[in-house]
1. Filter region 211-256 for residues that are in contact with a Phe, Trp or Tyr (Cβ under 9 Å, 6 or more places away or on another chain) and not in a helix (DSSP H, G or I) and give the result.
2. Is there a residue being out of contact with any Leu (no Cβ under 9 Å at 6 or more places or on another chain), at pLDDT below 90 and more than 30 Å from ALA54 (Cβ to Cβ) anywhere in region 241-252?
3. Tell me, please, whether a residue that is in contact with a strand residue (DSSP E or B) (Cβ under 9 Å, 6 or more places away or on another chain) and buried (at least 23 other Cβ atoms within 10 Å of the Cβ) can be found in region 91-99.
4. Hey, among ASN55, ASN44, ASN22, which residue is over 29 Å from LEU253 (Cα atoms) and either buried (at least 19 other Cβ atoms within 10 Å of the Cβ) or over 14 Å from the mean Cα position of the chain (by Cα) (or both)?
5. Pick out the one residue from ALA170, ALA129 that is assigned to a loop (DSSP other than H, G, I, E, B), of a type in the set (A, V, I, L, M, F, W, C) and under 22 Å from HIS106 (Cβ atoms).
6. Inspect all residues belonging to region 102-115 and state whether any of them is among the acidic types (Asp, Glu), under 14 Å from ASN173 (Cβ atoms) and at pLDDT below 95.
7. With the condition kept exactly as written, say whether any residue in region 22-38 is among the small types (Gly, Ala, Ser), assigned to a loop (DSSP other than H, G, I, E, B), out of contact with any Cys (no Cβ under 8 Å at 6 or more places or on another chain) and in contact (Cβ under 8 Å) with a residue 24 or more places away in the chain.
8. When residues of region 139-159 are filtered for being surrounded by fewer than 17 Cβ atoms within 10 Å (Cβ to Cβ) and among the small types (Gly, Ala, Ser), how many remain?
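The values are calculated or read from the model by the stated rules, or taken from the named source; none is laboratory data. The shown structure was predicted, so the numbers you read here are calculated from the model rather than taken from an experiment. For neighbour counting, all protein chains shown are included, and Cβ atoms are generated from backbone atoms with ideal geometry for every residue, glycine included.
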Amino acid sequence: MTRIFCIANQKGGVGKTTTTINLAAGLVHLQQKVLLVDLDPQGNATMGSGIQKANLENSVYQVLLGLSDVHEARQISESGGFDVLPSNRDLSGAEVELVELEYREHRLKEALLKVSDQYDFILIDCPPALSMLTINGLCAADGVIIPMQCEYYALEGLSDLVNTIKHVHANLNRDLQIIGLLRVMFDKRATLSQHVSAQLEKHFGDKVFKTIIPRSVRLAEAPSYGMPGIAFDPRSKGAQAYIEFGNEMLTWLDRP
């Protein structure tokens, strides 16, 4: 059974794209077939997977508007070993164009249904805003993975995201649930990080993943080479943490 997860947070710069790319690569490392969907007009997940966004004939933009399908638009990440439904600046125009279309919130879901049986996981990298693109991602997904830094402002924005997910669950996608919170860019030397981490565990309990992704220079360098950190430096602490997270996801799926 294919699992479709959004990686989402309305706050920017919290490691959504890094998490999407490296979780995809980590799952491939664990013998899973993965499709990464880049729903952000910036196309960072596309570039970070080694695909040139400027050279795309078809992208997620054409797929959402019904001008292409996933079969035609998807590309292979040679460095990551997963497929990518890529994005570029064209996607910015989809916000306006989707408004006039039927079933506008479910366009991505319908497109993915045609290929879902080819993958174990589909991971959707959402933009850092509550937009029609994000709503499409949430409507297509079984659940949401929330990457967040352990700092004060990250906590403040978390309640807004949780409310958004509850709204989509109630009105558009009854299958949607919060899978868990992933602590990223974690600095174990910082007292604030330790304090916020403890607060998350207290308030969210088993919704907080056990895996913690540390701050990692190698993870930060990898996108400039068009590679997941797991391929760029598989022995780095960050890469090893994402492989551990992939294992945790598989364990989570095996729970009764």
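1. THR211, ILE212, ILE213, PRO214, ARG215, PRO228
2. yes
3. Within region 91-99, the first condition is being in contact with a strand residue (DSSP E or B) (Cβ under 9 Å, 6 or more places away or on another chain), and the residues that meet it are 91.
Narrowing the set further to residues that are buried (at least 23 other Cβ atoms within 10 Å of the Cβ) leaves 91.
Checked against the condition, which is being in contact with a strand residue (DSSP E or B) (Cβ under 9 Å, 6 or more places away or on another chain) and buried (at least 23 other Cβ atoms within 10 Å of the Cβ), region 91-99 yields at least one hit.
4. Working: ASN44 fails: over 29 Å from LEU253 (Cα atoms); ASN22 fails: over 29 Å from LEU253 (Cα atoms).
From the options ASN55, ASN44, ASN22, the qualifying one is ASN55.
5. Numbers: ALA170 fails: assigned to a loop (DSSP other than H, G, I, E, B).
One residue alone meets the criteria, ALA129.
6. As a first pass, look at region 102-115 and keep what is among the acidic types (Asp, Glu): 102, 105, 110.
Right, trim to under 14 Å from ASN173 (Cβ atoms) and you get 105, 110.
Going one step further and asking which of them are at pLDDT below 95, we end up with 105.
Yes, because at least one residue in region 102-115 is among the acidic types (Asp, Glu), under 14 Å from ASN173 (Cβ atoms) and at pLDDT below 95.
7. From region 22-38, those among the small types (Gly, Ala, Ser) are 24-26; that's our starting set.
Filter once more, keeping what is assigned to a loop (DSSP other than H, G, I, E, B): none.
Looking for residues that are among the small types (Gly, Ala, Ser), assigned to a loop (DSSP other than H, G, I, E, B), out of contact with any Cys (no Cβ under 8 Å at 6 or more places or on another chain) and in contact (Cβ under 8 Å) with a residue 24 or more places away in the chain, one finds none in region 22-38, hence no.
8. Just the residues of region 139-159 that are surrounded by fewer than 17 Cβ atoms within 10 Å (Cβ to Cβ), to begin with: 142, 151-153, 155-157, 159.
Checking which are among the small types (Gly, Ala, Ser) leaves us with 157, 159.
Result for region 139-159: 2.
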